[in-house]
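The values are calculated or read from the model by the stated rules, or taken from the named source; none is laboratory data. Since we're looking at a predicted model, the values are computed, not measured. Note that each Cβ is placed from the backbone with ideal geometry, even for glycine, and that neighbours are counted across all protein chains shown.
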Amino acid sequence: MTEQTMKIDPVRLAEAVAFAADKHSDQTRKRAEGDGRPRIPYISHLMAVSGMVIEDGGDTDEAIAGLLHDYIEDVDEDGADELEQRFGMRVRDIVIGCSGAKKEEIPDFRTRKQNYLDHLTATRDPATVRVSLADKVHNARSTVSDLEADGPSMWDRFNAGVEDQLWWYSSLSAAYTDHANDGRADEQRAAELRRLVDRMTEISRQ
């Protein structure tokens with residue numbers, strides 16, 4: 001067993017997969033309806049994020065946080081104590097660090113997202129940056145895939161318009177690039193996000 005695989009506890013990780021699959025069981029990814037494509041269970045996103053976290057050197061706590069990064073934001077806003085009891089304080093802290101304000105708390109899109117960007121810029125925890133970056137890369141991959149399939153009209157399924165969305169992704173990319181330069185983010189993963197944002201922008205401007 002290599003040093004990297006020893007960092008991943010399969011029992012704890014399996015428990016977190018089951019927990020995430022159960023708690024997000026009624027959620028699906030955003031995708032245009034009526035186009036013949038199946039709805040995508042939300043657990044696919046969570047597992048993809050966790051996988052990227054492991055690829056980028058994350059340990060078991062970080063991989064679990066990848067699976068649970070949306071739990072407080074999308075399932076139970078008071079669920080931090082439950083996460084700590086089941087998976088430990090470090091997992092709870094990473095998930096809290098990856099959680100943004102709800103629309104009900106800060107209705108304006110740019111104000112709400114700037115709040116997240118300010119927190120992201122200030123954080124000194126590489127684990128939180130690693131999980132957050134994996135989340136945003138997978139979201140960007142999905143967005144580019146849908147843009148390539150459906151064109152700029154894809155943005156109509158989101159509450160915020162194309163200009164706000166491009167500002168958001170560009171701002172995220174800049175923040176993760178700064179973290180990569182400071183050694184708190186994987187350089188290749190940050191570069192992947194930059195490429196995805198460039199492609200996103202190119203298609204959206206057509």
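Among what's in segment 181-198 and is closer than 23 Å to Gly51 by Cα and charged (D, E, K, R), pick the residue that is surrounded by the most Cβ atoms within 10 Å (Cβ to Cβ).
Asp186
Only one of Ser173, Ser153, Ser204 is of a type outside the set (Lys, Arg), more than 15 Å from the chain's Cα centre (by Cα) and at pLDDT 95 or above. Can you tell me which?
Ser204
Only one of Arg110, Arg157, Arg130 is surrounded by 21 or more Cβ atoms within 10 Å (Cβ to Cβ), in contact (Cβ under 8 Å) with a residue 40 or more places away in the chain and of a type in the set (D, E, K, R); which?
Within the list Arg110, Arg157, Arg130, the selection yields Arg130.
Tell me which residues, restricted to segment 1-24, are part of a helix (DSSP H, G or I), modelled with pLDDT under 95 and β-branched (Val, Ile, Thr).
If the condition is that a residue be part of a helix (DSSP H, G or I), modelled with pLDDT under 95 and β-branched (Val, Ile, Thr), then Thr5 is the only one that fits.
Of all residues in segment 55-69, count the ones that are surrounded by 21 or more Cβ atoms within 10 Å (Cβ to Cβ) and not β-branched (Val, Ile, Thr).
Residues meeting the conditions: 9.
Go through the residues of segment 38-50 one by one and say whether even a single one is charged (D, E, K, R) and either crowded, with 16+ Cβ neighbours inside 10 Å or in contact with a Cys (Cβ under 9 Å, 6 or more places away or on another chain) (or both).
No, the conditions are met nowhere in segment 38-50.
Identify, from the list Asp178, Asp135, Asp164, the residue that is surrounded by fewer than 19 Cβ atoms within 10 Å (Cβ to Cβ), charged (D, E, K, R), touching a helix residue (DSSP H, G or I) at 6+ places or on another chain (Cβ under 6 Å) and part of a helix (DSSP H, G or I).
Criteria check complete, one pass: Asp164.
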